[in-house]
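Notes to accompany the following structure.
We did not get these values from a lab; they are worked out from the coordinates using the rules stated. Predicted model only: the values in this text are computed from it and were never measured. Note that each Cβ is placed from the backbone with ideal geometry, even for glycine, and that neighbours are counted across all protein chains shown.
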Amino acid sequence: MSTLDLFRQIYGGGRTSISGKTISVITAVQVSAVFGCARVIGEGVAQVPLKLMKVSADGRNRVPALDHPLYDVLHIRPNPWQTSFEYRETLAWHVALTGRHISFKNVVFGKVVELIPFEPDHVRVIRKDDYTLEYEVTAPNGKTQIFPAEAIWHVRGPSWDSWNGIDPIAKAREAIGLSIATEEQHARMHRNGVRSSGVYSVEGTLDEKQHGKLRDWIEKEMGGLENAGRPMVLDRAAKWLSTSMSGVDAEHLATREFQIQEICRFFRMMPIMIGYSDKAATYASAEQMFLAHLVHCLAPWYQRLEQSIDANLLTKADRVAGYYSDFVEEGLLRGSAQATAEVLDRYVNGGIMKPNEARAKLGLDADDDPVSDKLRVPANIVGKNQPPKDKPNGNPNP
C-alpha cells in the first residue's frame, strides 16, 4: 500500500464500527455486496445511451442535437482518456459510495467541451455566508486550488443540508462492519481447521516438551479442511471440552445472507441483481424484480442526472432553444427477441410508431417505401381526416 493510500484510509472518512472494523470506501468495496451494488448501479447508468436532444420550434419533433458540442461530450468522449461509458460508470460509483461526484467543466465560448472528474476525497465543498459554493481541490502533489461553482459540475446524492450529499458508506457503517467481521470469523474457522475449538484436558501435568508434542499432533492429525469431521482419539483419560459453537450452530451463513439484504437496502438494490435470491424466487417473480430494479433503482438515477445536466451543463439559452439531455432506457426493457418483436408489432399496428421508427429501434436501415414513414391507423379507429360513418361526405346536414 502506498503512502497516499494509507493516508486516505486513515484520514479519508473511515470510522470504526461497533464490530471493531474501520469502514471507509477502501474497506467497504472489499465486501462483495457493496461492490456488487456499486457495479450494478454503475453499469446500469453507463450502458444506457445518453444523448443531447433538441425539440423543434413547434414542439412536435425531437431529434439528436448533433450540432451541439455537449452531444459528443455526453455520448462519446467526455475527456481524452475516458469513453462516455467509463465516465458515467465512474460518476455513478462516486455518488453511490460517497454521495457526490465532482467534475471540472472545461468551457470554451460558453459551451462545455470537456469534463474532468475529481476523486471525491480530493475535494472539499465550502458554503459561504451568501450561500454560494466554492470547491477546494487537492492535487496529487498536495497543492490546493479553489474553483468557483460555475466551473464545477456537482452531482449530489440524497442530501439533508441541500448542498452536500449524504455519505452512504458512513450511514451503512454498522451493516458493512458486521459483514466484514462475520466473513473474517468464518475464514478463521476454516484456517484453524479444528472445527470445534476447546480444551484438551488430561490427568496429571504436562511438561513443555509434552505440550509441544500434543500441539503438533493435533495440528498434524486434526488440522486443515481435509481432516474436518475425523474422530479424535485421546489417551490418558483425556477429555475434550468444547468452548465454542460450530459454524452451523453460530449460523454464520444465515448472518452473512442477512447482511447482504441489509446492505442492499442502503443502495435501494434488489438482492437478486447482485446474485442473491431466496428459495421463494421463481422465473416469473424474478422478471418482475428486474422490472422493479429499473423502475425503483435506475429510473431515479436517470432523472437525477438528466436534471443535473440540464441545469449545470446547458445554458439558459440552450434550454430555451429546446436542448435537453435524455437517457434512452428502452434498451433495458428489451427481453427476448420474441418479446421485442411483439412490442414493436403492437406499436406499429396500433398507430403509435411508424414502421421505419421500429426499424431504427432494431438498428436497421429505413425502408424506401413512403408508406413506411406513415402511421398505420387501425381500421376500427376513425381518423381525423375520415368523415363519420353516419354523415356521408362529412356534411353535418346531409
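Values computed for the structure shown
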{"quantity": "Summed residue charge, Cβ within 12 Å of Q303's Cβ, Lys/Arg positive, Asp/Glu negative", "calculated": "-3"}
{"quantity": "Cα centroid of the stretch 128-159 to Cα centroid of the stretch 63-121, whole Å", "calculated": "16"}
{"quantity": "Amide H within-cut-off set for Y323, under 5 Å, with H built and near neighbours excluded", "calculated": "V55"}
{"quantity": "Projected label distance in nm at S201 and R188, using a 7 Å step from Cα toward the beta-carbon", "calculated": "2.4"}
{"quantity": "Fewest-first sequence of E134, E184, E208 by Cβ atoms within 10 Å of each Cβ", "calculated": "E208, E184, E134"}
{"quantity": "Contour excess over end-to-end distance, with Cα ends at T22 and D278 and 0.36 nm allotted per residue", "calculated": "89.1 nm"}
{"quantity": "Residue order, fewest to most surrounding Cβ atoms within 10 angstrom, among S103, S179", "calculated": "S103, S179"}
{"quantity": "Amide H contacts of T22 (H built 1.01 Å from N, under 5 Å, at least 5 apart or other chain)", "calculated": "S17"}
{"quantity": "Which of H154, H296 has the fewest Cβ neighbours within 10 Å, and the rest in rising order", "calculated": "H296, H154"}
{"quantity": "Label-point gap, in nm, between E287 and E262 - each point 7 angstrom along Cα→Cβ", "calculated": "3.5"}
{"quantity": "Trypsin sites (Lys or Arg not before Pro) lying in DSSP loop within the stretch 51-143, provided at most 16 other Cβ fall within 10 Å", "calculated": "R60, K128, K143"}
{"quantity": "Placed amide H near R376: partners under 5 Å, 5+ positions off or other chain", "calculated": "G351"}
{"quantity": "Hz values of 3J(HN,Hα) by residue in the stretch 168-174 - Karplus curve (6.51, -1.76, 1.60), Gly and Pro given as x", "calculated": "x, 5, 5, 6, 9, 4, 5"}
{"quantity": "Separation of the Y131 and F109 label points, Cα + 7 Å toward Cβ, nm", "calculated": "3.6"}
{"quantity": "Phi-based couplings in Hz for the stretch 102-107 (Karplus 6.51, -1.76, 1.60; Gly and Pro marked x)", "calculated": "9, 10, 7, 9, 8, 9"}
